[in-house]
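Encoded as C-alpha cells, here's the structure I'll be asking about.
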Amino acid sequence: MAIEVGSKLQGKVTGITNFGAFVELPGGQTGLVHISEVSDSYVKDVHEHLKVGDEVEVKVLQIEPDGKIGLSIKKAKDQPAKTFVRKPRPQKREETVQVKETFEQKMSKFLKDSEDRLTSLKRHTESKRGGRGARRG
C-alpha cells in the first residue's frame, strides 16, 4: 500500500520519546508523530497520552525525500467546523460625557507631561553617571 500525504491510516505505537511517538504503519514503514501533533490540548509528556502498543489513527502530513514520514493524530480526528459566536458587548450603565479639549489645552497638557518626563530622565541619568546632584554615600 502506497502512503500518500493527506491519507488517514491505522498504526501501532512502537516507541515514545520526549519529542513524540513512533508509529508503525501498514507495510512496515515507521513515521513520527511530533509532540505538537499528539493532541489538541497542551502535551507536556507524551506518555500521558500514548502507550507503546496503542492502536491510533494518523494522518500523513509529509514524506521527506530521505524517507521520513511526518504524522499527526490530532489532524486525523474529524473535527466539526469551528464557528465563532460573537458575544454582545455589555452596555455601559453610566454614559460618560466627553468634554472636548481645545488645541491649546491639549498642547499645554502635552508640554507639562513632556517636561515632567524629561526632568525625571535627567535626574535618573545624572545619578547613573555621577553628574551634578548625584547622591554619594
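The values are calculated or read from the model by the stated rules, or taken from the named source; none is laboratory data. Computed from a prediction, not measured in an experiment: that's the story for all the values here. Using ideal geometry, Cβ is built from the backbone for each residue, glycine included, and neighbour counts are taken over all protein chains shown. For accessibility, only protein heavy atoms count, side chains too; no ligands or nucleic acids. Shrake-Rupley method; radii C 1.70, N 1.55, O 1.52, S 1.80 Å.
Considering only residues that are over 16 Å from Ile3 (Cα atoms) and over 22 Å from the mean Cα position of the chain (by Cα), which ones fall in segment 59-79?
Within segment 59-79, just Asp78 meets the criteria.
Any chance segment 43-58 includes a residue that's part of a strand (DSSP E or B), under 17 Å from Gly6 (Cα atoms) and either open to solvent by less than 50 Å² (accessible area, probe 1.4 Å) or modelled with pLDDT under 90 (or both)?
So the first thing to find is which residues in segment 43-58 are part of a strand (DSSP E or B), and the list is 55-58.
Checking the rest, the ones that are also under 17 Å from Gly6 (Cα atoms) come to 56-58.
Narrowing further to those that are either open to solvent by less than 50 Å² (accessible area, probe 1.4 Å) or modelled with pLDDT under 90 (or both): 56, 58.
So far as segment 43-58 goes, yes, one or more of its residues are part of a strand (DSSP E or B), under 17 Å from Gly6 (Cα atoms) and either open to solvent by less than 50 Å² (accessible area, probe 1.4 Å) or modelled with pLDDT under 90 (or both).
Can you tell me how many residues in segment 9-28 are open to solvent by 30 Å² or more (accessible area, probe 1.4 Å) and modelled with pLDDT of 90 or more?
Step one: list which residues in segment 9-28 are open to solvent by 30 Å² or more (accessible area, probe 1.4 Å), which gives 10, 12, 14, 16-19, 22, 24, 26-28.
With the extra rule that they be modelled with pLDDT of 90 or more, the set shrinks to 10, 12, 14, 16-19, 22, 24.
Of the residues in that region, 9 qualify.
Can you list residue pairs whose Cβ atoms sit under 6 Å apart, with the first residue in segment 12-24 being over 15 Å from Glu37 (Cβ atoms) and the second being hydroxyl-bearing (Ser, Thr, Tyr)? Count only pairs 6 or more apart in sequence or on different chains.
Listed pairs, sorted by first residue: Glu24/Thr14; Glu24/Thr30.
Tell me which residues, restricted to segment 13-34, are under 16 Å from Ile3 (Cα atoms) and outside any strand (DSSP E or B).
Passing the criteria: Leu25, Pro26, Gly27, Gly28, Gln29.
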